[in-house]
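Student: Encoded as C-alpha cells, here's the structure I'll be asking about.
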Amino acid sequence: MRALRLTAPRTFQWDDDPEPLPGPGEVVIAVRAVGVCASDIHMYSHGRIGDTALQSPLILGHELSGVIAATGLGVTHVKVGQLVAVDPAVPCGTCEPCSEGNPNLCRDLRFFGTWPYDGALRERLSHPANLIHPLGESLTAVDGAMLEPLGVAIHAVDLGHLRPGCSVSIHGCGPIGLLVLQVARAAGAARLLAVEPIPGRRAMALKMGADHAIDVDGSQVEQILRWTGGRGVDVAFEAAGENQAVEDAVEVAKPGGRVVLVGIPADDRTHFRASAARRKGLTILLCRRMRHAYPRAMGLAESGRIDLRTLVTHRVPMEEAPHGFDLVERRADGVVKAVIESSAS
Ligand SMILES: [Zn+2]
Ligand SMILES: [Zn+2]
C-alpha cells in the first residue's frame, strides 16, 4: 500500500506500507479525498507547527473522507462500501479535559498528520468506528473532506456566542475564514465584513455573503470603525495566522465584544495592544480544533446553506499530491482549498 511521507521541509517520499487491519471497534477506510490545510503547510514549509517538530518521516493530512473497506469486531453503524467522513482527532476519553466534555483539549490527543501520528495521505488506514460519519446522499467525497474545516468554523462561531442580528468582522479569507463567514451568516449575523489582502479571496468573500470586503492597506481598522458608526463589531474572528489580523481584530471589536483567534502564527507568538483589549474589556477566545461539530457540519453541508464546492478551487490526483502542497504554500493560481483525490479502492 502506498503512503506519502514528509521527510524534511518540502521533501516527500513514497513508501510501501503494510496493509492496515481493523482492530475491534475499528474500520479500515480506503482514502478518497484529503484537503490540504494551512496547518499541514506549517509542517511542510518549516518542519514544525508551534512547538511540535517533525522528528521522523510523517504522513500529512487530516481533512478526509473515504470508503469503508473493512469493519472490525463490534462495528455495526457503518457498512463496507459506505462513503464516510473521518474525524481525525482521537481523544483518550479519560483525562480531565475529556471528562469535562472538552475532547479537543485532550492531554493525550492523537491527531492525524501531527507528529508522531500519521495522517491521511495513504491508500488505506484504520480508525475507531465511533469517529466515522456516513455522508448524506447529496454529499461527495470532496464535500466529506471539507467537513473537518467546516467543523472548526462551527466551533469558532460557537466560541463567538454569535447572536441574531450582530455585526461580525472576519480577518483572513482563506478556507477557514470563508467558512466562518458562511457559518456566521447562517447563525444570524446581520452585517459581515471581510478583511483580506488577496483580491480573488475578497471576491469570494462577497460571493459567500460578506457585505463588504476590504484590503489590508493600513486603513482597515479605520474603515471598519467607520462602517459600524464608530461602535466596533460585536464579534471579530481572526483566521489569517498573521499577527496583523490579530491586532486588527482587537482594535475593531466593540467594548465588551468578543475576539476569536483561529489562525496559527508561524512564529508561535500572538500579540496585540494591551490597552485596546483591556479598556474595552474584550473577551478573547482561542479556537482549538472543534468539539463534536461533525453532526452539525454534516447538517449544514446537506442543507445547502454552506457553499463548500466553490472553496475547492483545485483537485489534485494523489500521485501529484506534492504539487498540491506547493500550490497552497505559494498561494499560487488563485488557490483557496486544494483537495487531493484518490481513485484507488
Ligand atoms: Zn485543517
Ligand atoms: Zn483525553
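Student: Let me confirm something: among GLU137, GLU96, GLU100, which residue is among the acidic types (Asp, Glu), farther than 25 Å from ARG48 by Cα, more than 10 Å from ligand 2 (Cβ to nearest atom) and open to solvent by 50 Å² or more (accessible area, probe 1.4 Å)? Please lay out each step first, then the result.
Tutor: On the way: GLU96 fails: more than 10 Å from ligand 2 (Cβ to nearest atom); GLU100 fails: more than 10 Å from ligand 2 (Cβ to nearest atom).
Unique residue meeting the criteria: GLU137.
Student: ASN130 fails exactly one of the following numbered conditions: (1) within 16 Å of ligand 2 (Cβ to nearest atom); (2) outside any helix (DSSP H, G or I). What is the number of that condition?
Tutor: Just one mismatch for ASN130, condition (2).
Student: Residue by residue through region 14-38, note down the ones that are under 27 Å from the mean Cα position of the chain (by Cα), farther than 11 Å from LEU121 by Cβ, outside any strand (DSSP E or B) and of a type in the set (A, V, I, L, M, F, W, C).
Tutor: CYS37, ALA38, listed by residue number.
Student: Also, quick follow-up: Within the group ALA156, ALA184, ALA194, which residue is open to solvent by less than 10 Å² (accessible area, probe 1.4 Å), under 26 Å from PRO88 (Cβ atoms) and away from ligand 1 (no atom under 16 Å from the Cβ)? So that I can check it myself, show each step before the final result.
Tutor: Numbers: ALA156 fails: away from ligand 1 (no atom under 16 Å from the Cβ); ALA194 fails: under 26 Å from PRO88 (Cβ atoms).
Answer to the check: ALA184.
Student: While we're on this one: Which pairs turn up if I take residues in region 52-64 that are open to solvent by 40 Å² or more (accessible area, probe 1.4 Å) and look for partners that are in a strand (DSSP E or B) and hydroxyl-bearing (Ser, Thr, Tyr) with beta carbon separation below 6 Å, at least 6 apart in sequence or on another chain?
Tutor: Pairs found: PRO57/THR7.
Student: Right, another one. Only one residue in VAL90, VAL78, VAL67, VAL84 is open to solvent by less than 30 Å² (accessible area, probe 1.4 Å) and within 16 Å of ligand 2 (Cβ to nearest atom), so which one is that?
Tutor: Numbers: VAL78 fails: within 16 Å of ligand 2 (Cβ to nearest atom); VAL67 fails: within 16 Å of ligand 2 (Cβ to nearest atom); VAL84 fails: within 16 Å of ligand 2 (Cβ to nearest atom).
That would be VAL90, the only listed residue that is open to solvent by less than 30 Å² (accessible area, probe 1.4 Å) and within 16 Å of ligand 2 (Cβ to nearest atom).
Student: Here's another thing I want to ask about it. Being in contact with a His (Cβ under 8 Å, 6 or more places away or on another chain), crowded, with 19+ Cβ neighbours inside 10 Å and among the charged types (D, E, K, R) narrows it down to one of GLU238, GLU247, so name that one.
Tutor: On the way: GLU247 fails: crowded, with 19+ Cβ neighbours inside 10 Å.
None of the other options fit; the residue is GLU238.
Student: Do any strands (runs of 3 or more DSSP E) lying entirely in region 145-246 carry at least 3 residues that are in contact (Cβ under 8 Å) with a residue 40 or more places away in the chain and not β-branched (Val, Ile, Thr), and which ones are they?
Tutor: Values: elements: 167-171, 191-195, 212-214, 233-238.
Output list reads 167-171, 233-238.
Student: Name the pairs: first residue in region 69-98 and closer than 14 Å to ASN130 by Cα and modelled with pLDDT under 95, second residue among the β-branched types (Val, Ile, Thr) and near ligand 2 (Cβ under 8 Å from one of its atoms), Cβ to Cβ under 6 Å, at least 6 apart or on different chains?
Tutor: From residues that are closer than 14 Å to ASN130 by Cα and modelled with pLDDT under 95, there are no pairs.
Student: Look at region 15-43 and say how many of its residues are touching a Ser or Thr at 6+ places or on another chain (Cβ under 6 Å), open to solvent by less than 10 Å² (accessible area, probe 1.4 Å) and not β-branched (Val, Ile, Thr). Write out each step before concluding.
Tutor: So in region 15-43, the residues touching a Ser or Thr at 6+ places or on another chain (Cβ under 6 Å) come out as 20, 22, 26-28, 30-33.
Still in the list and also open to solvent by less than 10 Å² (accessible area, probe 1.4 Å): 27-28, 30-31, 33.
Keeping just the survivors that are not β-branched (Val, Ile, Thr) gives 30, 33.
Count: 2.
The values are calculated or read from the model by the stated rules, or taken from the named source; none is laboratory data. Just so you know, these numbers come straight off a predicted model, no measurement behind them. Neighbour counts run over all protein chains shown; Cβ positions are idealised from the backbone, glycine included. The accessibility values were calculated without ligands, DNA or RNA, using every heavy atom of the protein model including side chains. Shrake-Rupley method; radii C 1.70, N 1.55, O 1.52, S 1.80 Å.
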